[in-house]
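Take a look at the structure below.
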Amino acid sequence: METVITLLIVLAVLIVPSVLLYNRLVRKRNAFKNAFAQIDVQLKRRHDLIPNLVETVQGYMAHERETLTAVIEARNNAEQVRQQTSGAAGDPASMEQLGKAEGSLGGVLGRLFALSEAYPDLKANENFRSLQEELTSTENRVAYARQAYNDAAMRYNNVVETVPSNIIAGMFNFARAGMLEFEDREAMQEPPKVQFS
């Protein structure tokens, strides 16, 4: 009888902490997936605003067809990548791909807004100003949601990588979550080209 009680105590000492660690990993994983869902909502909103912005700008920037085409192409690419990665929250390769697509889109949007400075009538257009303000507001929401996601992913990664939870994480295939960065240095450093033909 004493052996059975000792065995039950040993099992309880091993099983209870393992269950607690497993549940902690699940909560952390769910937290970063929820944070990614918030990014996904804001990116969809951003992508939906861009065609209206381009439509408004087209009449004023007839000489800037190359920039407008680049914006639409970057938007379409970013939307396609967003759709592909929406179910892959945390996957490092997917997060890198999404970050590159969004960084490129941000770069061409920056060039578009820089070019708009050369068109006073466009800058005075109420629809353009409204869309620009909405897009700026959405950019701020994306930045906030991205930070929340990266914070949640970091907390999850800390649990996945530290002892003793890393043992449980390895046993149940809890993989590291990838961080999400949008910076595209080349696109951000490229100066806008103004052409009048």
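The values are calculated or read from the model by the stated rules, or taken from the named source; none is laboratory data. For clarity, every value in this text was computed on a predicted model and none was experimentally measured. All Cβ positions, glycine included, derive from the backbone under ideal geometry; neighbour counts span all protein chains shown. The accessibility values were calculated without ligands, DNA or RNA, using every heavy atom of the protein model including side chains. Shrake-Rupley method; radii C 1.70, N 1.55, O 1.52, S 1.80 Å.
Some observations on this one:
- On inspection, Ala118 fails the criterion of being open to solvent by 40 Å² or more (accessible area, probe 1.4 Å), over 17 Å from Glu55 (Cα atoms), assigned to a helix (DSSP H, G or I) and of a type in the set (A, V, I, L, M).
- Scope the range 142-162; condition at pLDDT 95 or above, of a type outside the set (Phe, Trp, Tyr) and surrounded by fewer than 18 Cβ atoms within 10 Å (Cβ to Cβ); matching residues: Gln147, Ala148, Asp151, Met154, Arg155, Asn158, Glu161, Thr162
- Boolean, Gln195 is at pLDDT below 95, surrounded by 14 or more Cβ atoms within 10 Å (Cβ to Cβ) and closer than 29 Å to Tyr60 by Cα: no
- Residue within the range 71-84 that is assigned to a helix (DSSP H, G or I) and over 18 Å from Gly103 (Cβ atoms) present: no
- Count of the range 138-158 residues which are closer than 17 Å to Ala89 by Cα and either touching a helix residue (DSSP H, G or I) at 6+ places or on another chain (Cβ under 7 Å) or charged (D, E, K, R) (or both): 10
- Single match in Gly99, Gly59, Gly90 (criterion: at positive phi and not β-branched (Val, Ile, Thr)): Gly90
Yes or no, residue by residue, for (1) over 28 Å from Ala177 (Cβ atoms); (2) of a type in the set (A, V, I, L, M); (3) under 12 Å from the mean Cα position of the chain (by Cα):
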{"position": "Gln38", "(1), (2), (3)": "no, no, yes"}
{"position": "Pro51", "(1), (2), (3)": "yes, no, no"}
{"position": "Thr56", "(1), (2), (3)": "yes, no, no"}
{"position": "Thr67", "(1), (2), (3)": "yes, no, no"}
{"position": "Ala89", "(1), (2), (3)": "no, yes, yes"}
{"position": "Ser94", "(1), (2), (3)": "no, no, yes"}
{"position": "Arg111", "(1), (2), (3)": "yes, no, no"}
{"position": "Leu115", "(1), (2), (3)": "yes, yes, no"}
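- Residue count for the range 1-52, restricted to those that are closer than 22 Å to Gly99 by Cβ and among the hydrophobic types (A, V, I, L, M, F, W, C): 10.
- Those residues of the range 1-44 which are charged (D, E, K, R), more than 30 Å from Ala78 (Cα to Cα) and either at pLDDT below 95 or buried (at least 17 other Cβ atoms within 10 Å of the Cβ) (or both), in sequence order: Glu2
- Residue within the range 70-77 that is open to solvent by less than 30 Å² (accessible area, probe 1.4 Å), under 12 Å from the mean Cα position of the chain (by Cα) and modelled with pLDDT of 95 or more present: no
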